Amino acid sequence: MANQSWLAAWLVVCACGGSDPAQPDAPSPDATSGPTWARDPSFATDGALAIAIPDADRLNAVSILVRDGTLVLAAGIEHSGRQELELCSISPDGVRDPGFGSDGCVRPGLYGIGGDNVAVDGTGLLIASIAFSGQPVFGPAVYRLRADGQFDTAFGFGGAVFVQPPSGTGSDAVLGAIATLPDGSRVVGGYASIVGAPRGTGWAQRLVDGMPSGAPVEIGRELPLLVPSATGIDAIATEQAQVNECPPVACDATQVSRYAACIAPPVACAADLTCPGSDTCDPQTLDCLPPDVWAFGTRVIALETSLAIQDDRRIAPVTATQALRLADGSMLVAQQDAEHGVWKLNADHTRDLAFGIVGGVTLRNATVSALAARSDGTLFAAGHLAFDGPSQLFELASTGAITLAVADPGGGRITGLVPTPDGRLLVAGYLGNSIVVQRLIRVP
């Protein structure tokens with residue numbers, strides 16, 4: 001990762017109070033009997049394709065995009081002190097595309113840490129980024145590559161369209177995220193410093209037919225994660241300062257602090273989790289809380305018109321590494337803190353209390369690096385237990401119960417997951433200085 005924290009497209013969800021979700025029962029990832037995921041021998045060589053990047057100092061993340069029947073691997077590499085984007089195109093059966101760049105790979109000279117800033121556009125690709133050389137344009141821009149991996153000179157100026165950051169920002173503005181709305185338009189997100197201020201701002205811009213539409217919108221002080229919703233975009237800013245917006249409240253000796261409010265010492269919930277009067281049982285502390293305190297504790301402020309979600313205040317302060325919109329409008333958010341795991345939010349951004357334990361599951365303290373969902377409701381997550389350790393692959397029911405957990409068959413780091421319509425699973429990641437893509441089949 002780069003030293004600048006804002007270059008990582010992560011979010012910080014602020015909270016007051018609460019505890020981490022408990023771990024549902026799950027099979028051992030070391031089990032040698034029962035169902036598992038194994039490499040599909042009909043894909044590439046024995047189920048895997050490795051693409052060496054010999055001049056990379058480090059690989060950060062690899063995502064999978066499906067483009068006109070082919071697979072595009074978008075990898076963020078550290079090279080000569082900068083974060084560059086490497087793109088590789090392969091056939092559905094794991095063969096490099098000879099018509100895409102050099103032997104199936106292209107390095108277009110653009111900033112990127114993975115695939116958050118790359119989107120499929122017909123047979124080509126749209127990339128929200130900034131060019132290291134200032135060509136085709138200088139500053140934050142949307143670039144289009146043709147099917148052969150070269151800049152589409154019919155798009156904008158030499159293959160790029162400049163995107164104006166908010167007024168009053170500095171010259172260091174970048175773009176690093178792109179998402180597609182249900183109507184086919186796009187939203188791009190980035191970061192820019194503010195002239196004369198110690199901190200910068202996250203910002204977003206809507207695109208129509210690849211061109212900026214309307215004014216840019218400020219959404220926080222870090223590069224955002226952009227998640228399409230039914231009515232627009234949920235852009236969750238990574239502003240660390242939000243963690244301090246609800247500090248512990250100093251109460252007098254007759255009161256206690258609950259969710260940034262001083263209240264009389266609460267009574268305990270009954271055995272059936274009911275409370276007297278209009279109070280509500282907090283399933284984490286088993287305290288009966290007044291309605292206004294409980295409402296504040298479970299609140300998520302959704303401002304889709306201004307592209308911002310604030311915080312859920314019941315989740316302990318976390319750094320979210322992934323966000324995934326599901327078909328029903330709900331959203332999975334993967335967290336990174338003392339108890340790594342996955343939370344599920346309803347379409348109205350309240351926590352789904354039917355998922356796992358009060359809306360969340362831990363995944364054996366694995367830092368989640370990829371999320372995916374299948375049309376039947378099956379969920380997939382991948383994470384690693386140590387900084388440079390191999391990944392674990394988790395299969396979850398729609399309720400959050402872990403149904404299968406196995407070690408990565410490739411022994412590397414998984415950062416991209418795509419379920420296929422025929423029930424197989426595409427897995428992308430890296431091992432050393434090689435991009436690795438595998439196709440897995442579920443073995444009964």
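Number of residues in region 87-129 that are in a loop (DSSP other than H, G, I, E, B) and either of a type outside the set (A, V, I, L, M, F, W, C) or buried (at least 19 other Cβ atoms within 10 Å of the Cβ) (or both): the value is 22. I'd like to check something: does region 146-162 contain any residue that is touching a Gly at 6+ places or on another chain (Cβ under 9 Å), at pLDDT below 85 and over 30 Å from ILE263 (Cβ atoms)? Within region 146-162, none of the residues are touching a Gly at 6+ places or on another chain (Cβ under 9 Å), at pLDDT below 85 and over 30 Å from ILE263 (Cβ atoms). Within region 408-426, being at pLDDT 90 or above and among the small types (Gly, Ala, Ser) holds for GLY416, GLY423. If you go through region 188-203 and keep only what is assigned to a strand (DSSP E or B), modelled with pLDDT under 85 and not small (Gly, Ala, Ser), you end up with TYR191, ILE194, THR201, TRP203.
Close contacts from region 255-274, counting a first residue that is within 13 Å of LEU286 (Cα to Cα) and free of Cβ contacts under 8 Å to residues at least 24 places away in the same chain and a second that is of a type in the set (Lys, Arg) and in a loop (DSSP other than H, G, I, E, B), with Cβ to Cβ under 8 Å and a gap of 6+ residues or different chains, come to none at all. Contact annotation: residue pairs with Cβ atoms under 6 Å, 6 or more positions apart or on different chains, pairing a residue in region 347-366 that is without any contact (Cβ under 8 Å) to a residue 24 or more places away in the chain and of a type outside the set (Val, Ile, Thr) with a partner that is in a loop (DSSP other than H, G, I, E, B) and buried (at least 21 other Cβ atoms within 10 Å of the Cβ), are ASP352/GLY359. Checked across region 348-366, the condition of being surrounded by 22 or more Cβ atoms within 10 Å (Cβ to Cβ) and either over 30 Å from THR280 (Cα atoms) or in contact with a helix residue (DSSP H, G or I) (Cβ under 9 Å, 6 or more places away or on another chain) (or both) holds for at least one residue.
Within this structure, SER63 passes the test of being within 25 Å of LEU440 (Cα to Cα), under 20 Å from the mean Cα position of the chain (by Cα) and hydroxyl-bearing (Ser, Thr, Tyr).
The values are calculated or read from the model by the stated rules, or taken from the named source; none is laboratory data. Everything quoted here is computed from the prediction, not taken from an experiment. Reconstructed Cβ throughout: ideal geometry from the backbone, glycine too, with neighbour counts over all protein chains shown.
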